[in-house]
Amino acid sequence: MTDPVEASAEVTGTPEELWPLLTSGAGISAWFMPAEVDIDAGTVRHRFGPGDDEVSDGTIVAAEAPHRFAYVEEWAPSEGAEPITSTTEFLIEAVSGATSLVRIVSSGFGTGPDGRRQAESTAAGWTQALRVLALYTAHFAGRPSASLRAWAHSDRSLSDVWATLTTDLGLAGAAVGDRVRVGDGVAPPLAGQVSAVADTGLTLLVDEPAGGVASVIAADFGASRGAVVDMFFYGDDSAALVAAYGPAWEKWMADR
């Protein structure tokens, strides 16, 4: 079995303040993906796409407020493959009066190259998600949220997917601190400042058309690669923004 992987970030908030963001549907949806959590029933559901089959269901195995939350999921790494049971654990530790360290530990990726690739992709995905959480807690804590996801699969290499995605978005070569504008001709423009750049991931602190965060990644999904653009809007008009922009961004991604 491939070794566990870990992602971590120091974020604004005490463990007590951060606990709802990691253990409730509304909280997780504000920085990761649409989620439903019922601690009493011991269930977690993540929705990573619009279809009824694009969900993952988990069973809560620990809910020790405000420091530890864990759940297990059973999933197949590819069609026809034997199911794998994975565990995800959220750990929150106070760093100072104003910040806490959030660690996410994931295990259960199978063996061999496929297991290692899935583990690496999971670690990169959690790292990217924690960047969104850090921006949310620093700039938008407490505001209503809504998100949209535009994504597509590809059989090309991860580096090719990333190069195409960033070139088409006008983000190729973007560096931390750059002011960028994406989406012209696709949907109402999205503009903001680059807050983080990784090998196949980029995060934007968005200020146009409204306050929010955009996460752009290329990642391995089993036997194929994927290009993903997640946008999180925060404020009373967040749901209206997602309804207005979502279809155009989904079409843009599908066309590529």
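The values are calculated or read from the model by the stated rules, or taken from the named source; none is laboratory data. Everything numeric in this text was worked out from a predicted model, so none of it was measured. Positions of Cβ are generated from backbone atoms using ideal geometry, with glycine treated the same way; all protein chains shown enter the neighbour counts.
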Could you run through region 100-112 and say how many residues are within 22 Å of Leu135 (Cα to Cα) and either crowded, with 18+ Cβ neighbours inside 10 Å or of a type in the set (Gly, Ala, Ser) (or both)? 3
For Val229, state whether it is in contact with a strand residue (DSSP E or B) (Cβ under 7 Å, 6 or more places away or on another chain) and under 21 Å from Met33 (Cα atoms). yes
For region 63-75, pairs from a residue that is within 15 Å of Pro4 (Cβ to Cβ) and assigned by TED's automatic domain parsing to the domain that holds Gly13 to a residue that is modelled with pLDDT under 95 and part of a strand (DSSP E or B), with Cβ under 7 Å and 6 or more apart or across chains, are Val72/Thr85; Val72/Ser86; Glu73/Ser56; Glu73/Asp57; Glu73/Ser86
With the requirement that a residue be of a type in the set (Ser, Thr, Tyr) and at pLDDT 90 or above, what does region 205-233 give you? Ser215
If I filter region 65-94 down to residues being among the acidic types (Asp, Glu) and touching a strand residue (DSSP E or B) at 6+ places or on another chain (Cβ under 8 Å), which single residue comes out as modelled with the lowest pLDDT? Glu74
Among the numbered conditions (1) touching a Gly at 6+ places or on another chain (Cβ under 6 Å); (2) buried (at least 19 other Cβ atoms within 10 Å of the Cβ); (3) within 14 Å of Val102 (Cα to Cα), tell me where Tyr71 comes up short. (3)
Of the residues Glu16, Glu54, Glu36, which single one is surrounded by fewer than 16 Cβ atoms within 10 Å (Cβ to Cβ), of a type outside the set (Gly, Ala, Ser) and modelled with pLDDT of 95 or more? Glu16
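For every residue, the table says whether it meets (1) touching a residue at least 60 places away in the same chain (Cβ under 8 Å); (2) in the same structural domain as Ala65 (by TED's automatic domain parsing); (3) not in a loop (DSSP other than H, G, I, E, B).
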| position | (1), (2), (3) |
| --- | --- |
| Gly97 | yes, yes, no |
| Val105 | yes, yes, yes |
| Pro113 | no, yes, yes |
| Ala129 | yes, yes, yes |
Out of all the residues in region 23-42, which are in a helix (DSSP H, G or I) and in contact (Cβ under 8 Å) with a residue 60 or more places away in the chain? Thr23, Ala26, Ser29
Any residue that is surrounded by fewer than 17 Cβ atoms within 10 Å (Cβ to Cβ) and over 17 Å from the mean Cα position of the chain (by Cα) - is there at least one of those in region 195-206? no
If you check Val206 against the conditions, is it in contact (Cβ under 8 Å) with a residue 40 or more places away in the chain and in a strand (DSSP E or B)? no
So how many residues does region 175-194 have that are part of a loop (DSSP other than H, G, I, E, B), modelled with pLDDT of 80 or more and surrounded by fewer than 12 Cβ atoms within 10 Å (Cβ to Cβ)? 3
Tell me which residues, restricted to region 145-163, are surrounded by fewer than 16 Cβ atoms within 10 Å (Cβ to Cβ) and either more than 21 Å from Thr203 (Cα to Cα) or in the same structural domain as Val61 (by TED's automatic domain parsing) (or both). Asp155, Arg156, Ser157
Are any of the residues in region 200-211 more than 23 Å from Ser238 (Cα to Cα) and of a type outside the set (S, T, N, Q)? yes
Restricting to region 221-249, what's the tally of residues that are part of a helix (DSSP H, G or I) and either β-branched (Val, Ile, Thr) or touching a residue at least 12 places away in the same chain (Cβ under 8 Å) (or both)? 9
